[in-house]
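Student: Quick one: the structure is below, questions incoming.
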Amino acid sequence: MRVLASLLLVVVLALGAGGAAARPVDAAPDRVGGRHQVGYDRYSLTVDGERILLWAGEFHYFRLPSPDLWRDVLEKIRAAGFNGVSLYFHWGYHSPKQGVYDFTGVRDVDRLLGMAEELGLYVVARPGPYINAETTGGGLPAWLKQVPGRARSSDPGYTAAYRDWLDHIDPIIARHQVTRGGSVIAYNVENEYGANVDPLYMEQVQRKAREDGIDVPITHNNCCGGNLPNWSSGQGAVQIPGVDDYPQSFDCPDPDTTWGPWGDGITRRLREDAPVYAAEYQAGAIDLFDAGYEKCRQLTGPDYMRVFYKSNVVGSGATMLGYYMAFGGTSWGWLPQPNDVYTSYDYGAAITEGRGLTPKYDEFKRQGYFATSVAPLTKTDPSAAPVPADAAVGTLARSNPDTGTQFVLVRHADRASAADVTTTLDWSTPDGRYRVPVRIAGRDAKILVAGYDLGGQRLVWSTSEVLTHAAIGGRDVAVLHGRDGENGSTVLRYSSAPSVRVLDGRVASSYDAATGDLRLDYRHSGLARVLVSGGGRPPLLLLLGTAEEAARFWRLDTGSGTVLVRGTALARSASVLGGTVRLRADVDRAGEVEVFGPSSARGLVVGDESVRVRRTPSGSLLGEVSGPRPVVLPSLTDWRHRVDVPEAAPGFDDSRWTKADRTTTESPIKPKTPPVLASGDYGFHHGNTWYRGRFTPTGAETAISLNAITGRRGIYLVWVNGRYVGSAAGGVQADSEPVNPDPGRGDFAIPAGLVEPGKPATVSVLVENMGHNDDWTADDTRFKQPRGLFGARLVGSDAPITWRVQGAEGGEDLTDPARGPLNTGGLHGERVGTHLPGYPDRTWQRSRSLTDVPLPPGVSWHRTEFRLDLPKGHDVPIALRFAEDGSPNQRVLVFLNGWNVGQYLGDLAAQQDFALPAGLLREHGVNSLALAVIDTDGADAGPGGGSLVTTGASRGGVPVRDVPAPGYAELHGG
Ligand code: IPT
């Protein structure tokens, strides 16, 4: 918690006398008395009485199956100025079967919380039990669909099930609480629990958390404004009720014109005695309409962030914010909730799926550094705003009642306006009344500060925004910024005329002896530097940059005080030892690096490179770092393949498959025809399921009519007596509006002569399960939708069909717990280990490329190996890229070293790249790639593309160890 401690110090120092009088949280006395006490009042959270502005980014560990990369992402989140992370915990990801839990390997959340703690990131722990999150079942385990009792209610069956989850997850969270020396600062129960609510359940989940030792404040995230219960009062009320806000909607296809269709984004205050909490504030979008995530990134880009985030902070006074998502990641395996998302969960976030930093990251940094450096922001009340001379400009203000510091939001009065307006504010600041020039060009908003004790300085007002400031090397260093080409003015106060030296750029200064005001006027361009000394205050180095220049600064805490770094693509941490600053930084190109550190610092080491530096007139060290080494990726030109559909053959031995003969089901959705064929009722929950039916033909049957429910984009394929008779799209939901009694219907003609009267015939059906519906409505009607066959009958005859079903090897009893319940389904190849490294494919046919291979309908497997030896000490994100013009009749499951990293859909233009995360990817060694292609028409050759690409290499990164998981030999004794 060292970093946290120093962050706190900044807060304490700046708070001065106007400290907090927040009340402690109710908690069992034996739980308090750990390392720190967490409290809150109407203004903010507090730790040991000191106020915190919680600026958190959402991260889903389950969408990055490589624990060492968690550190990479968490370090990037912290480096962007976040002081917290918001973490969902995914029940179904840990539990393949009722009573069975796994918290090891890629599921080791104790390790995750330990990392957050080491990095000084506060955690809002969100263990559900329900999480939504566009993941299968909304985080509820698939086996829960067989448990009697409505999910998300106080029904006994559900209660026993979720208590078992909390029995496992709560102790892990509890031991990482701030109160016990960890960094968990709040605990969120349930998720947008607004429809069909059961207050007793809300109360019981909280009581359970308390019994399990949770003593930090309990929060909730209310959805969609308006009338849904928000748990601010009454039975089931939480201590800090929060609000989820997605002002830009999910309209990714239309990023340029969309502007706040879902409200102006001001978070409502829900309780007078608790801080305003923007629990999920939109920081990206799900790609509901297949526009591709770059468009979602545009939709929620820097313009939106400036206007909506700043309006929210000043408009609502929120001091707890969770930005959804900071990094989205990958819904690998069968993690997606298929009706809303596909494999990639990039989310158009500030940090891409390939862990790259975007212009959104820069904007987060500008706002996050400000929000976590300017302490008076932790306690503000609405106050009179300066009046603009031009009514086209709108202002809002808040001020700190103890320090008087003012925060003024300046933006267009009409929030849709993109005009370029320059005007003057008539501003009564704590230090006097001023006429202050401001400009709002296009979609912009600024938070201007007045009356602020900036370190040892007095900031009277500025039209530049504050990035951050710190005491470094015996003086105050402050970074202020404005948009390129815009004028800026900054007024500081002194008791006598200070000396002003402009070290760089053009800055005019004037001193007014009557007021003591030193006024600086300049145009933002590059980075100007001004040294102010004397005047009765410690020296000040003022760095006045464009927004772009400001974003190049990194603020790092070391044992020897704060260090500011300028110029590397990322700076993760720094230490100062014996006059040398050691920087853990990522470098994506050769260029300048500058360090503002203690005056004793003379040397600089970046990564393992000693950098020759000189001291600048600014007192900093300046040098040149070298760029990354070039990376050449191998091309994949040696494939082996085979067609693999033994289940279709009439003589296939299915005697060990499970009989599908149940007549009842827990699901409120009853099958269209008996018996129950839903795969979940037989313990097969994820991926593909095979069915084999037998009937004795009468001779009159002309077709077989089936229904299957798969989730959006799912399909099923049908064979009769070994002959392929076609495929159909699976249904999403049996009873969606308007009521649909016939979901995923397919009628398959039985060709004349294929079956003979009296002679037993077989029908084989392969049904894909794209993932389970969520439970947003909390009424089981979506969540407990069946998957697999939903109805089956012969057309022309009443001959009964008897069925057997087969899914993943072992069903709920996992044979490969390291990769877990969501990695494989019931394809023959998955069951025998074809997807695993070391599978003996030497006898298969060879091809140079996937497109060389003609494919019959059904399943074929394609395997290759490639060797990597990436430059040491580099981070080289790699993806597997398919062709853009895929066949609508093909889909491909991609297995990297046995891990299912996603599904390529030939007709989904939105995703061709599949992230191959280091850890699963052997960066120094041999990798196995196995593709299961499911083809529905036999007209096309294999999928195009299939090449390795990198999304940008840098020197730096974090050390990544291979994620341990068994190969073919270990699992199949080969
Ligand atoms: C809200 C959920 O809480 C979150 O889990 C996720 O689903 C997110 O939105 C969308 O990505 S749901 C809400 C905006 C209706």
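Student: Counting Lys and Arg as +1 and Asp and Glu as -1, what is the net charge of the other residues whose Cβ lies under 9 Å from the Cβ of A551?
Tutor: Surrounding charge for A551 is -1.
Student: Suppose we take every Cα in the range 883-966 and form the convex hull; what volume per residue is that in Å³? Working shown, then result.
Tutor: Working: hull volume 8.9 nm³, N = 84.
Considering the Cα atoms of the range 883-966, their hull volume per residue is 106 Å³.
Student: Now for a separate question. Give the Cα extents of the range 209-292 along the principal axes, in whole Å, largest first.
Tutor: Here the spans come out as 47, 26, 19 Å, largest first.
Student: Still on this structure, please answer the following. Of all DSSP beta bridges in the range 53-357, what percent run antiparallel (nearest 5)? Could the numbers behind the result be given before it?
Tutor: Numbers: 4 of 37 bridges.
If we restrict to bridges inside the range 53-357, about 10 percent are antiparallel.
Student: Right, something else. Report the Stokes-Einstein translational diffusion coefficient (µm² s⁻¹, integer) for the range 613-672, Rh taken as the Kirkwood radius over Cα pairs, at 4 °C with viscosity 1.567 mPa s. Walk me through the intermediate numbers first.
Tutor: Details: Rh = 20.8 Å.
D = 62 µm²/s.
Student: Sort R411, R493 so the one with the fewest other Cβ atoms within 10 Å of its own Cβ comes first. Don't skip to the end; give the middle numbers.
Tutor: Details: R411 24, R493 20.
In increasing order of surrounding Cβ atoms, one gets R493, R411.
Student: For the range 456-555, report the convex hull volume of the alpha-carbon atoms normalised per residue, in Å³, without decimals. Show your work: numbers first, answer last.
Tutor: Details: hull volume 8.2 nm³, N = 100.
Measuring per residue, one finds 82 Å³ for the Cα hull of the range 456-555.
Student: Something else now. Lys and Arg at +1, Asp and Glu at -1: add these up for the other residues within a Cβ distance under 12 Å of P229 and post the number. Mind dumping the intermediate values first?
Tutor: Working: positive: none; negative: E190, E192, D198.
Neighbour charge sum, excluding P229 itself: -3.
Student: Starting from the Cα gyration tensor of the range 815-972, take the square roots of the eigenvalues, sort them a ≥ b ≥ c, and report rounded, prolate or oblate (rounded when a/c is under 1.5, otherwise prolate if a/b is larger than b/c, else oblate). Display every interim value, and only then the final one.
Tutor: On the way: a/c = 1.83, a/b = 1.28, b/c = 1.43.
In terms of gyration-tensor shape, oblate.
Student: When the Kirkwood hydrodynamic radius is evaluated over all pairs of different C-alpha atoms of the range 643-806, what value in angstrom, to one decimal, is obtained? Spell out each step's value before the answer.
Tutor: Details: mean 1/r = 0.0631 Å⁻¹.
Computed over the range 643-806, the radius equals 15.9 Å.
Student: Which one of F652, L921, P871 is farthest out on the positive end of the charge dipole of the chain, using unit charges on Cβ (Lys, Arg +1; Asp, Glu -1) and the Cα centre as origin?
Tutor: Checked the options; the winner is P871.
Student: Apply the Debye scattering formula to the range 568-693, with a single equal point scatterer on each alpha-carbon and no solvent, then give log10 I(q)/I(0) at q = 0.12, 0.13, 0.14 Å⁻¹.
Tutor: Computed log10 I(q)/I(0) values: -0.62, -0.67, -0.73.
Student: Now for a separate question. Find the relative contact order for the chain and round it to a whole percent, using C-alpha pairs within less than 8 Å whose residues are 6+ positions apart. Walk me through the numbers before you get to the answer.
Tutor: Details: 2673 pairs, mean separation 101.6, N = 974.
It comes to 10 percent, rounded to a whole number.
Student: Let me ask another. Taking the Cα centre of the chain as the origin and placing charges on Cβ (Lys, Arg +1; Asp, Glu -1), which of G39, G796, V765 is farthest toward the positive end of the dipole?
Tutor: Positive-end residue among those listed: G39.
Student: Sorted from largest down, what three extents in whole angstroms do the Cα atoms of the range 391-490 have along their principal axes?
Tutor: Principal-axis extents of the range 391-490 (Cα, largest first): 44, 30, 19 Å.
Student: Right, here's the next one. Need the C-alpha centroid separation for the range 52-76 versus the range 568-633, integer Å.
Tutor: 25 Å
Student: What is the magnitude of the charge dipole of the range 484-560 about its Cα centre, with +1 placed on the Cβ of each Lys and Arg, -1 on the Cβ of each Asp and Glu, and no other charges, expressed in debye to the nearest 20? Numbers along the way, then the final one.
Tutor: On the way: 9 positive and 9 negative charges, 49 e Å.
The dipole magnitude comes to about 240 debye.
Student: How large, in Å, is the chain by the Kirkwood hydrodynamic radius built from its alpha-carbon pairs?
Tutor: Values: mean 1/r = 0.0334 Å⁻¹.
By the Kirkwood definition, the hydrodynamic radius is 29.9 Å.
Student: Stokes-Einstein at 20 °C, 1.002 mPa s, Kirkwood radius from Cα pairs: D for the range 61-133 in µm² s⁻¹? List each step's numbers first, then the result.
Tutor: Values: Rh = 12.9 Å.
Using the Kirkwood radius from Cα pairs, D works out to 167 µm²/s.
Student: Which length gain, in nm to one decimal place, applies between D167 and D273 when the Cα-Cα distance is subtracted from 0.36 nm times their residue separation? Mind dumping the intermediate values first?
Tutor: Values: separation 106, 0.36 × 106 = 38.16 nm, distance 3.04 nm.
So the chain would gain 35.1 nm between D167 and D273.
Student: If r is the Cβ-Cβ distance from E609 to R506 and R0 is 30 Å, what FRET efficiency results, to the nearest 0.05? List each step's numbers first, then the result.
Tutor: Working: r = 35 Å, r/R0 = 1.15.
The formula returns an efficiency of 0.30 here.
Student: Moving to a separate point now. I'd like the per residue volume of the convex hull spanned by the Cα atoms of the range 381-625, given in cubic angstrom. Write down the numbers at each step before the final one.
Tutor: On the way: hull volume 32.4 nm³, N = 245.
Convex hull volume per residue, Cα atoms: 132 Å³.
Student: Continuing with this model, one more query. Based only on the alpha carbon positions, what is the Kirkwood hydrodynamic radius of the range 310-455, in angstrom?
Tutor: On the way: mean 1/r = 0.0574 Å⁻¹.
Over the range 310-455, the inverse of the mean reciprocal pair distance is 17.4 Å.
Student: Mind listing the phi-derived Karplus ³J(HN,Hα) values for the range 283-300, rounded to whole Hz, using 6.51, -1.76 and 1.60 with θ = phi - 60°, and x for any glycine or proline?
Tutor: 10, x, 7, 6, 8, 4, 10, 6, 7, x, 6, 4, 5, 5, 5, 5, 4, 10
Student: Additional query: Run the dipole for the chain about the Cα centre, Lys and Arg Cβ at +1, Asp and Glu Cβ at -1, nothing else charged, and hand back the magnitude in debye, nearest 20. Display every interim value, and only then the final one.
Tutor: Values: 97 positive and 111 negative charges, 448 e Å.
The calculation lands at about 2160 debye.
Student: Please list, in order, the residues from the range 863-885 whose amide nitrogen is less than 18 Å from a point placed 7 Å along the Cα→Cβ vector of R842.
Tutor: Within reach of a label on R842, which here means backbone N under 18 Å from a point 7 Å along Cα→Cβ, the range 863-885 contributes 863-866.
Student: Would you kindly calculate the translational diffusion coefficient of the range 53-357, applying Stokes-Einstein with the Kirkwood radius from alpha carbon pairs, for 20 °C and a viscosity of 1.002 mPa s, and quote it in µm² s⁻¹ without decimals? Don't skip to the end; give the middle numbers.
Tutor: On the way: Rh = 19.2 Å.
Using the Kirkwood radius from Cα pairs, D works out to 112 µm²/s.
Student: Then there is this: I want the local charge near Q845. Using Cβ-Cβ distances under 14 Å, sum +1 for each Lys or Arg and -1 for each Asp or Glu among the other residues. Write out the running numbers ahead of the final one.
Tutor: Values: positive: R640, R642, R842, R846, R848, R863; negative: D638, D644, D841, D852.
Neighbourhood net charge equals +2.
Student: Using Cα-only point scatterers and the Debye equation, what is log10 of I(q)/I(0) for the range 291-396 at each q in 0.12, 0.16 Å⁻¹, rounded to two decimals?
Tutor: Debye output, listed in q order: -0.55, -0.83.
Student: To the nearest 0.05, what FRET efficiency results for A419 and V387 with a Förster distance of 25 Å applied to their C-beta separation?
Tutor: On the way: r = 19 Å, r/R0 = 0.76.
Taking R0 as 25 Å, the efficiency between A419 and V387 is 0.85.
Student: Continuing with this model, one more query. Could you work out how far the C-alpha centroid of the range 441-461 sits from that of the range 213-272, in angstrom?
Tutor: That distance is 29 Å.
Student: Same structure, new question: Per q in 0.09, 0.18, 0.21 1/Å, what log10 I(q)/I(0) does a Debye calculation on the alpha-carbon atoms of the range 739-883 return?
Tutor: Taken in order of the listed q values, log10 I(q)/I(0) reads -0.52, -1.35, -1.42.
Student: In addition: About the Cα centre, and with charges only on the beta carbon of Lys, Arg (+1) and Asp, Glu (-1), how big is the dipole of the range 815-972? Nearest 20 debye, please.
Tutor: Details: 13 positive and 17 negative charges, 103 e Å.
The dipole of the range 815-972 has a size of about 500 debye.
Student: Additional query: In the chain, if the dipole is taken from +1 on Lys/Arg beta carbons and -1 on Asp/Glu beta carbons about the Cα centre, which of P148, H94, P229 is farthest to the positive end?
Tutor: The Cα lying farthest towards the positive end belongs to H94.
Student: With just the Cα atoms defining each centre, how far is the range 881-942 from the range 644-678? Give it in Å.
Tutor: Rounded to whole Å, the Cα centres lie 29 Å apart.
No lab work stands behind these numbers, since they all come straight from the coordinates. Everything numeric in this text was worked out from a predicted model, so none of it was measured. In this analysis, Cβ positions are derived from the backbone assuming ideal geometry, glycine residues included, and neighbour counts consider all displayed protein chains.
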